[in-house]
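Some notes on the structure that comes next.
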Amino acid sequence: MDNAAKLSVIRARTRRRFVFTLITLLLYFSFILNWTASGDSLAGRLGMSHVTGSLLMFAVLIVTFILLELVFLLLNRATTRSGEEP
Amino acid sequence: MDAVAISMFLVFVLATLAISYWASRRTLSSQDFYTAGGQITGLQNGTAIAGDFMSAASFLGITGLMFLGGFDGLVLALGAFAAWPLLLFLLARRVRNLGSCTFVDVVSQRLERTRIRVVAAGGTIVVVVLYLIAQMVGAGKLIQLLFGLPYEVAVVAISVLVLAYVTFGGMLATTWVQIIKAILLLTGVTITAFMVMYLSSFSLENLLATAVVQHPRGERILAPGVLFDSPVQVATILVSMLFGTLGLPHILMRLFTVPDMHEAKKSAFYASLFMGYFYLALVIVGFGAVAFVYGNPAFFTAEGQLIGGSNMAAIHLATAVGGNLLTGFMSAVTFATILAVVAGLTVSGAAAISHDLYAEVLCKGAPDARRELQLTRLTTVVIGVIAVVLGILFQNENVAFIATMPMVVAASVNFPILFLSLYWSGLTTRGAIAGALVGLVSSVSLIVVGPQVWVSVLGFERALFPYDYPALFTLPLAVLVMSVVSWLDNSDRAAVDRRNYHSLLVRSEFGESGRPPPVARH
């Protein structure tokens with residue numbers, strides 16, 4: 001692989017990295033909404049249950065982060081197998 | 001002292017000492033000592049990372065915070081967890097491909113090696129020592145409570161055991177101690193959560209309803225606002241925890257214990273999986289502590305205080321739902337937790353001194369292998385002695401601020417140097433050093449004038465700076481200084497630093513096979 005091709009792969013990988021990082025950071029810092037007036041609705045109970053939107057958000061964020069990692073690894077594997085990347 | 005706890009503790013100690021003996025026969029070089037010869041698999045390393053990171057502070061501290069304030073305690077759990085996806089996305093491949101023993105190896109690839117190594121190794125030592133003091137003081141007090149041992153005996157016992165693991169077995173023994181501890185901790189948390197759910201008829205609704213009835217703040221514990229009331233305060237914690245974790249030297253060092261970057265990426269994923277499970281289980285354990293400890297007077301003093309303070313809520317919960325057997329198991333697990341974390345810190349501190357400073361700076365990268373290994377073992381003993389001395393010296397201090405500092409310093413010094421050296425071609429040695437020093441001075445200063453030191457330790461009425469975790473301000477400041485000084489840097493060395501970026505970038509992505517000619521040095 002020549003230098004230009006390597007740089008092109010690096011650019012694609014870096015873009016992918018930053019997209020996943022940006023999604024993670026946006027989701028992560030959205031947790032702060034719980035302490036603001038615009039996030040008031042999150043603090044309320046879901047229907048008749050004692051589970052609040054805030055609690056649900058915590059659990060969903062943890063699961064989403066793990067899924068994002070899984071997708072990232074699968075994408076890496078797919079591009080490696082298809083020969084787009086070494 | 002409880003007989004069940006003692007027997008479980010003895011089994012753990014004997015098993016881990018046997019592992020250290022086995023590992024000592026395989027630790028023949030300094031490379032073996034620092035990175036277990038790079039032969040740990042992704043799954044093993046991911047478990048060890050989880051074992052290294054899920055400290056007593058995570059388990060006891062977060063459960064204790066949930067016991068006090070319910071939902072708000074989960075801020076620290078999310079902060080501690082979210083660093084792992086970013087470790088995978090941003091750092092795992094590039095760091096593994098570039099370094100050999102420590103993250104300092106990575107940053108010294110394109111910058112002027114002597115100066116940047118001294119600064120980055122200095123950052124590592126500051127973080128390790130502060131983390132070590134917090135762990136030793138916390139551990140001494142905890143073991144005093146759990147096993148009834150005198151504080152000094154507890155601190156010496158921890159240090160002697162850790163020295164036995166690390167001095168003889170190096171990273172290999174440390175890895176296996178961390179793996180065993182992770183399995184024990186996950187088992188203990190699972191059993192406790194299962195018992196809590198069993199007593200709640202396997203209904204989360206019942207558990208939360210009981211917790212609301214028992215807690216003095218009632219329904220407010222299910223929503224934000226009991227412990228933290230300002231979004232900026234929460235943001236300071238989230239920034240410090242996230243970027244601090246990404247700059248912790250003993251965690252980054254674990255990326256070098258696997259054979260290649262594929263295994264390094266798997267490690268980060270497995271670590272996330274285990275920790276995600278752990279923090280989700282803590283939701284049940286935390287609200288379980290509220291539901292089953294608050295209503296039981298056996299866990300409170302005559303003055304109405306929880307015996308041993310809020311950090312003991314998890315242990316009291318084990319007693320409430322599992323009797324002496326589970327209490328003994330969880331006490332032994334807590335001890336194992338402390339040993340595993342202190343062992344990881346000790347290896348990291350030893351590597352900073354004997355590899356980063358002695359081998360790479362003093363010997364210019366060509367040390368005598370036998371002398372380096374001897375020095376590494378000697379350094380380990382010295383760190384063990386320092387840990388005991390500092391642990392005893394700080395025993396009567398409020399160490400909450402010492403526990404805060406390593407995360408803030410790692411976020412404001414180590415992380416920006418590492419991230420910018422990997423992702424920004426314009427970074428120069430002068431910029432990196434200036435930013436690191438500003439990050440270090442500003443983070444320590446703001447912690448000193450913040451509530452934990454200015455009010456709680458020094459006794460002033462009001463803090464000069466309102467937040468405990470200042471990385472929200474010090475991290476951007478460090479990055480700004482690194483950027484501005486690098487932009488203004490017209491030195492010859494700056495030109496070399498910028499030129500080196502391209503070869504570093506290719507090597508960081510393609511590993512050894514894509515390795516270009518060595519980068520230029522002065």
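Restricting attention to the range B:275-319, and to residues there that are in contact with a strand residue (DSSP E or B) (Cβ under 9 Å, 6 or more places away or on another chain), touching a residue at least 60 places away in the same chain (Cβ under 8 Å) and in a helix (DSSP H, G or I), which single residue is nearest to B:MET195 (Cα to Cα)? Filtering first and then ranking leaves B:VAL293.
Just one of the listed residues (B:LEU345, B:LEU427) is buried (at least 24 other Cβ atoms within 10 Å of the Cβ), of a type outside the set (D, E, K, R) and not in a helix (DSSP H, G or I), namely B:LEU427.
Show me the helices (runs of 4 or more DSSP H) entirely contained within the range B:143-241 in which 2 or more residues are touching a Lys or Arg at 6+ places or on another chain (Cβ under 9 Å). If you could, list the steps in order and put the result at the bottom.
Details: elements: B:151-163, B:169-199, B:204-214.
Answer list for the range B:143-241: B:151-163, B:169-199.
The lone criterion from (1) at pLDDT below 95; (2) more than 14 Å from every other protein chain (Cβ to nearest Cβ) left unmet by B:ALA289 is number (1). Taking the range B:227-248 as the range and being over 13 Å from B:LEU91 (Cβ atoms), out of contact with any Phe, Trp or Tyr (no Cβ under 6 Å at 6 or more places or on another chain) and more than 11 Å from chain A (Cβ to nearest Cβ) as the test, only B:GLY244 passes.
Taking the condition within 14 Å of chain A (Cβ to nearest Cβ) and surrounded by fewer than 18 Cβ atoms within 10 Å (Cβ to Cβ), does B:GLU205 pass? In short, yes. Restricting attention to the range B:327-382, the residues that are free of Cβ contacts under 8 Å to residues at least 40 places away in the same chain and among the acidic types (Asp, Glu) total 1.
Do you know which residues across the range A:35-86 are out of contact with any Gly (no Cβ under 8 Å at 6 or more places or on another chain), of a type outside the set (Gly, Ala, Ser), closer than 16 Å to B:ALA77 by Cβ and at the interface with chain B (Cβ under 8 Å from one of its Cβ atoms)? Result: A:LEU55, A:PHE58, A:LEU61. Contact map, the range A:13-35: residues that are within 14 Å of B:THR236 (Cα to Cα) paired with residues that are in a helix (DSSP H, G or I) and of a type in the set (Ser, Thr, Tyr), Cβ distance under 9 Å, separation 6+ or inter-chain. Pairs shown: A:PHE31/A:SER54.
Listed conditions (1) of a type in the set (S, T, N, Q); (2) surrounded by fewer than 20 Cβ atoms within 10 Å (Cβ to Cβ); (3) at pLDDT below 85 are all met by B:THR404, apart from (2).
Within the range B:490-505, not a single residue is farther than 14 Å from B:SER421 by Cβ and within 32 Å of the chain's Cα centre (by Cα). From the list B:THR124, B:THR27, the one residue that fits, being in contact (Cβ under 8 Å) with a residue 24 or more places away in the chain, part of a helix (DSSP H, G or I) and among the hydroxyl-bearing types (Ser, Thr, Tyr), is B:THR124.
Within the range B:95-111, is there a residue that is within 10 Å of another protein chain (Cβ to nearest Cβ) and at pLDDT 90 or above? So far as the range B:95-111 goes, no, none of its residues is within 10 Å of another protein chain (Cβ to nearest Cβ) and at pLDDT 90 or above. Scoring A:VAL51 on the criteria (1) in contact with a Lys or Arg (Cβ under 8 Å, 6 or more places away or on another chain); (2) touching a residue at least 40 places away in the same chain (Cβ under 8 Å) leaves a single failure, condition (2). Taking the range B:349-379 as the range and being among the charged types (D, E, K, R), assigned to a helix (DSSP H, G or I) and over 19 Å from B:ARG115 (Cα atoms) as the test, the residues that pass are B:ARG370, B:ARG371, B:GLU372, B:ARG377. Per the listing B:SER100, B:SER58, B:SER159, the residue uniquely under 30 Å from B:LEU17 (Cα atoms), surrounded by fewer than 21 Cβ atoms within 10 Å (Cβ to Cβ), of a type in the set (S, T, N, Q) and touching a residue at least 12 places away in the same chain (Cβ under 8 Å) is B:SER100. Of all residues in the range B:248-274, those that are assigned to a loop (DSSP other than H, G, I, E, B) and within 26 Å of B:SER412 (Cα to Cα) total 1.
Which residue out of A:THR14, A:THR21 is in a helix (DSSP H, G or I), within 7 Å of chain B (Cβ to nearest Cβ) and β-branched (Val, Ile, Thr)? Before the answer, list the steps.
On the way: A:THR14 fails: within 7 Å of chain B (Cβ to nearest Cβ).
Every option except A:THR21 fails the conditions.
Would you check if B:ILE49 is part of a helix (DSSP H, G or I), within 14 Å of another protein chain (Cβ to nearest Cβ) and closer than 30 Å to B:TYR501 by Cα? Yes.
Counting only residues that are over 14 Å from B:ILE179 (Cβ atoms) and either at pLDDT below 85 or of a type in the set (Lys, Arg) (or both), the range B:11-20 holds 1 of them.
The values are calculated or read from the model by the stated rules, or taken from the named source; none is laboratory data. What you are looking at is a predicted structure, and each value in this text was computed from that prediction instead of being measured. Note that each Cβ is placed from the backbone with ideal geometry, even for glycine, and that neighbours are counted across all protein chains shown.
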